[in-house]
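The values are calculated or read from the model by the stated rules, or taken from the named source; none is laboratory data. Because the structure is predicted, anything quoted here is derived from the model rather than measured. All Cβ positions, even for glycine, are placed from backbone atoms using ideal geometry, and neighbour counts span all protein chains on display.
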Amino acid sequence: MKHVAILGSTGSIGRQALDVVRTHPDLFSLYGISAHSSEAPFLAQIEAERPKVAVFSRPLSTDVSGTDVRWGDQALYDLAADPQVDVVVLAISGIAALTPLLSALKAGKRVAIANKESLVCGGDLVKKALEVGEGELLPVDSEQSALFQCLENGRRDEVEKLILTASGGPFFRRPREELKNITPEQALKHPTWSMGRKISLDSATLMNKGLEVMEASRLFDFPGEQIEVLIHPQSVVHSMVAYRDGTVMANLSTADMRLPIQYAMTWPRRMPSPAAPLKLWERPELTFFKPDMARFPALQMAYDCLKAGGGCPVVYNGANERAAELFFAGALGFLEIEESVSFALDRFRNRPMRDLEDILAADGEARRLVDEFQKTRRSK
Ligand code: NAD
Ligand code: MG
């Protein structure tokens, strides 16, 4: 029996991870959950799931019996490292997941990681935490899970390239001029996946795929030159690995995140899952296109940041996180998201990221630069 902590349990991934735990009462028991900001859904989860520990961002307004309720950042890091926990599902969104990730890895946990921002920003710190401890990192992000599974079929030095598929988001076929006035509501309508707000927006801007290029590089230790992106609007092929003999391994399934979540938790075993089986004969044709880098500057910037290293990936991520907040608040236009990231990267003086303080400082700088961009835009 594995004891599971789901960090970010009220989110899209968190709720699906709970579903996986419930599906396998013989394999998993829920030890802890955590969430941020909205209290009602968290209280409902505590009532329904009765975890041993529940951590919220601030004190809860009502008492709960039977669950040890804690609050604040330190309580979150403690839950990630709790000696009772075997598997941590990291389903927090944004760079806020970085400290709990390091805490879990140092304590030797298996981390089923959905969060990509922490990997993009954490770079060498995550690598070091993996080297010094017994911790292991199993990808949940569907593309990374697909790469992980395809990589299980060959040796590393036999790999020619990793091929990340991208749905292209809801505006893949629209001319760029039309994108200027996209509203948050339009941006949140993802064609093939139902996800949290920020990642849905990132899929529309292609920032998500940019983050995933860097995420793949961090997880599997390949340079940008060996990572390719292909637009595949149907989201049936989740990613592929091309080997040097010309063989391409692909991973296919229905678009259901419970599948990669579960595999990260049960690896190296495969178990029955709640995901519907794939009926390829009922699918329309599967198509693939090379992305036009000029049309998707977010993707080109990610490759550039990966190559530059240092704080550039942190700034790419931090600027994007801030720009997304401003877009949802109606203070930035859709195309201004990538423009503000580019603005921040242009002004950032790159330097090595030696520790967490360096990373958080670069992240803060990126956010301030986006605010500066926003002010200059609005005063025009
Ligand atoms: P979401 O917004 O639906 O949920 C986020 C969760 O994190 C919530 O429980 C929230 O309370 C918690 N949280 C938010 N800010 C926090 C903070 N500062 N400190 C602590 N907790 C905080 O997000 P999601 O769509 O479930 O995505 C979670 C992560 O997984 C993201 O990094 C995303 O990129 C990645 N991911 C998601 C999907 C998907 O299908 N949703 C797919 C692949 C990867
Ligand atoms: Mg993904």
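Annotations
- Selected residue (only one of ASP82, ASP73 is among the charged types (D, E, K, R), modelled with pLDDT of 95 or more and within 11 Å of ligand 1 (Cβ to nearest atom)): ASP73
- Residues of region 170-185 include none that is modelled with pLDDT of 95 or more and either basic (Lys, Arg) or surrounded by 15 or more Cβ atoms within 10 Å (Cβ to Cβ) (or both).
- Those residues of region 22-55 which are in contact (Cβ under 8 Å) with a residue 24 or more places away in the chain and either within 12 Å of ligand 1 (Cβ to nearest atom) or of a type in the set (A, V, I, L, M) (or both), in sequence order: LEU27, LEU30, ILE33, SER34, ALA35, HIS36, SER38, PRO41, PHE42, GLN45, VAL53, VAL55
- Residues of region 88-119 that are away from ligand 1 (no atom under 14 Å from the Cβ), outside any helix (DSSP H, G or I) and surrounded by fewer than 24 Cβ atoms within 10 Å (Cβ to Cβ): ALA107, GLY108, ARG110.
- Residue identified as within 21 Å of LYS116 (Cα to Cα), at pLDDT 95 or above, touching a strand residue (DSSP E or B) at 6+ places or on another chain (Cβ under 9 Å) and of a type in the set (A, V, I, L, M, F, W, C) among VAL315, VAL248, VAL237: VAL237
- Yes/no for LEU326 being farther than 29 Å from ILE163 by Cα and assigned to a loop (DSSP other than H, G, I, E, B): no
- Some residue of region 48-65 being out of contact with any Gly (no Cβ under 9 Å at 6 or more places or on another chain), of a type in the set (Val, Ile, Thr) and at pLDDT below 95: yes
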